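Reviewing the structure listed below.
The values are calculated or read from the model by the stated rules, or taken from the named source; none is laboratory data. None of these values were measured; they are calculated from a predicted model. Glycine also receives a Cβ, built like all others from the backbone with ideal geometry; neighbour counts cover every protein chain displayed. The area values use the complete protein model at the heavy-atom level, side chains included, leaving out ligands, DNA and RNA. Shrake-Rupley method; radii C 1.70, N 1.55, O 1.52, S 1.80 Å.
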Amino acid sequence: MSKLIIDGNKKMEGEIEVQGAKNAVLPILAATILSEGKNVIHNCPRLSDVDKTIEVLKNLGCKVVRYKDCIEVDAHDISSYTIPEELMRQMRSSIVFLGAIIAKFGKAEVSMPGGCEIGVRPIDLHLKALRQLGVEITESHGYIHCVSENPQGAKIHLDFPSVGATENTMLAACMTEGTTIIENAAREPEIEELQNFLNRMGARISGAGGDTIVIDGVRKLYGVEYSIMPDRIVSATYLACGAASKGTVVLKKAKASHMGAMINVLEGMGNKIYVEGDKVILTPAKKLTGVGTVKTMPYPGFPTDIQSPFMALATGCEGTSIFVENIFENRFRHIEELVRMGADIKIDGRVAVVIGTGKLTGAKVVAKELRGGAALVIAGLLAEGKTEIENVHYIDRGYESIENVLASCGVDIKRRE
Ligand code: UD1
């Protein structure tokens, strides 16, 4: 098991090239199984979640080659329509393969994903949408069995703008005869990215980024080359690292237009953010100040994925910040670790009240999930003395060599096995 050891006394300053977006590359890799030819995906981040997605592709029978930041997927010999339990357990978001496998084979069998560290995470909205496309679904022995003998485009209204349900519906519908309309679709930039990728392959999809997506089914999709957009959550995490250690951070290859709600909060704390083309620059506040109330919401609202990293930053602010977690019910598990480091945080249901003390002290802490782990890194930068973070494998799910990125900006951070 790896640990990160951070000494918060050194200032972070420098340039960071932002990695490709995890939440964009996963559905795009799932989409590659739909094409006749080979797909070449550039700017793929080196993450354990990407490795697990490659395992799923190989298990289905695809040939996958990885070099530098590229992943080549050749789905010509794809033979299986099943995702076994051991793969599904490793990564819940493999559920996004369901729509793609149904579109490819007219049937699918995947293990029920179950809950995860941040909540129960049901898939009822995915299944309801697929049923509306004519897929017959039965659930037994922990598996979901799908058969789609007479798929038809349909008008689908999602009860909540779920990212995964929107992606699964797009994947299932892009080769389904007729027109599918998804109302109350998720508007996250990763949805638009999936639309752009599928359209490059020959699909006919419009409206992603808004709340209504229109899909005209096509018969065939073709292999293409595509480069993954920058990761907006990783971008904001590194800006928060700069703010925590009072250093100027320059993000390269970033996309500020995807980061509005997060930039707003960083500015509210007193930091200055400048955008120059694809660079986003943070110059830190002399004194960070509390930001009032921050509520997580579907995009373009404040993302749940950055709630814990920004809460860690709020412990270093003068004054009060309140975080309301509206998306996942179990996303406050970092708080007890922050409290071990001296933070003053009170929880009432989905609300956490942070009284900034500006005085964290290094301690041994444990990452319990991906973004909560990143929050502990930020706390380590704010704290006096050494912070040891256990369970780094959670952080590795979403951050490419976090210790190398931060060390290249002068942070005293080491990984120990
Ligand atoms: C995706 C992201 C995750 C992010 C989340 C919200 C990926 C791989 N993961 O997860 O990083 O935190 O969006 O921005 O892209 N829900 C249901 N029934 C369903 C589906 C969802 O009740 O069938 C609920 C969930 O439990 C949750 C909320 O809807 O409370 C949002 O979930 P959703 O948008 O689906 O998130 P994911 O796609 O799982």
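The local environment of Asp216, defined by Cβ-Cβ distances under 15 Å, has a net charge of +3 under the rule Lys, Arg +1 and Asp, Glu -1. When the Gaussian network model of the chain links Cα atoms closer than 10 Å, the mean-square fluctuations of Tyr399, Tyr67, Tyr274 top out at Tyr67.
With every protein chain in place and a 1.4 angstrom probe, the accessible-area ranking of Glu177, Glu139, Glu325, largest first, reads Glu177, Glu139, Glu325. Using the Karplus relation 6.51 cos²θ - 1.76 cosθ + 1.60 with θ = phi - 60°, the per-residue 3J(HN,Hα) values for region 344-350 come to 10, 9, 10, 10, 9, x, 8 Hz, with x marking Gly and Pro.
Using only C-alpha positions, report the orientation-averaged shadow area of the convex hull of the chain, nm², one decimal.
Dividing the Cα hull surface by four gives the mean projection, 18.1 nm².
Principal-axis analysis of the Cα atoms of the chain puts helix 163-173 at an angle of about 20° to the longest axis. For Tyr394, the solvent-accessible surface computed with a 1.4 Å probe is close to 40 Å², ligands and nucleic acids excluded.
Derived scalar couplings between HN and Hα for region 294-307 equal 10, 10, 6, 8, x, 4, x, x, 6, x, 4, 5, 10, 4 Hz in order, rounded to whole Hz, by the Karplus curve 6.51 cos²θ - 1.76 cosθ + 1.60 (θ = phi - 60°), x for Gly and Pro.
In plain terms, the chain from Glu384 to Ser79 could stretch by 104.3 nm, reckoned as 0.36 nm per residue minus the Cα-Cα distance. For region 274-376, the list of trypsin sites (Lys or Arg not before Pro) that fall in a loop by DSSP and count at most 14 other C-beta atoms within 10 angstrom reads Lys286, Lys287, Lys359.
In this structure Arg415 has an accessible area near 70 Å², from a 1.4 Å probe over the protein heavy atoms.
Residue pairs exceeding 23 angstrom between C-alpha atoms, taken from Lys10/Lys286; Lys3/Lys286; Lys11/Lys52; Lys11/Lys272; Lys52/Lys104; Lys107/Lys128: Lys3/Lys286; Lys11/Lys52. With a cut-off of 14 Å between beta carbons, the residues surrounding Ser162 carry a summed charge of -3, where Lys and Arg count +1 and Asp and Glu -1. Taking amide H as placed 1.01 Å from N in the peptide plane, Lys364 has its amide H under 5 Å from the amide H of Glu388, each at least 5 places away in sequence or on another chain. Taking trypsin sites (Lys or Arg not before Pro) across region 111-179, none is in a DSSP loop with at most 10 further Cβ atoms lying within 10 angstrom of its Cβ. In this structure the chain gives 39 Å² per residue of accessible area when probed at 1.4 Å with all protein chains present. Helix-only arithmetic for the chain: the sum of -39500 (n - 2.57) across DSSP H runs with n ≥ 4, divided by the residue total, places the mean residue ellipticity at 222 nm at -9000 deg cm²/dmol. The listed residues Phe197, Phe328, Phe160, Phe105, once ranked by accessible area (1.4 Å probe) with the largest placed first, stand as Phe160, Phe105, Phe328, Phe197. When the Cα gyration tensor is reduced to axis lengths a ≥ b ≥ c, the ratio a/c is 1.5 or higher for region 44-97, and with a/b not above b/c it is classed as oblate. When the Gaussian network model of the chain links Cα atoms closer than 10 Å, the mean-square fluctuations of Gly242, Gly217, Gly99 top out at Gly217.
Backbone amide hydrogens, once placed in the peptide plane, bring Arg204 within less than 5 Å of Asp216, Val218, excluding anything fewer than 5 places away on its chain. Each residue was assigned an accessible area with a 1.4 Å probe, and for Asp412 the value is about 40 Å². Give me the percent of DSSP beta bridges within the chain that run antiparallel, rounded to the nearest 5. DSSP beta bridges in the chain are roughly 70 percent antiparallel. Summarising the label geometry, the points placed 7 Å from Cα in the beta-carbon direction at Gln90 and Ser206 lie 4.1 nm from one another. For the chain, take the longest principal axis of its alpha carbons; what is the angle in degrees between that and the long axis of helix 370-382, to the nearest 10 within 0 to 90? Once rounded, one gets 20 degrees. Converting phi to 3J(HN,Hα) with the Karplus coefficients 6.51, -1.76 and 1.60 and the offset θ = phi - 60°, region 409-414 yields 9, x, 6, 7, 9, 9 Hz in sequence order, with x at every glycine or proline. Be a star and scan region 206-246 for residues whose amide nitrogen sits under 13 Å from the point 7 Å along the Cα-to-Cβ vector of Thr179. Answer for region 206-246: 206-207, 213-217.
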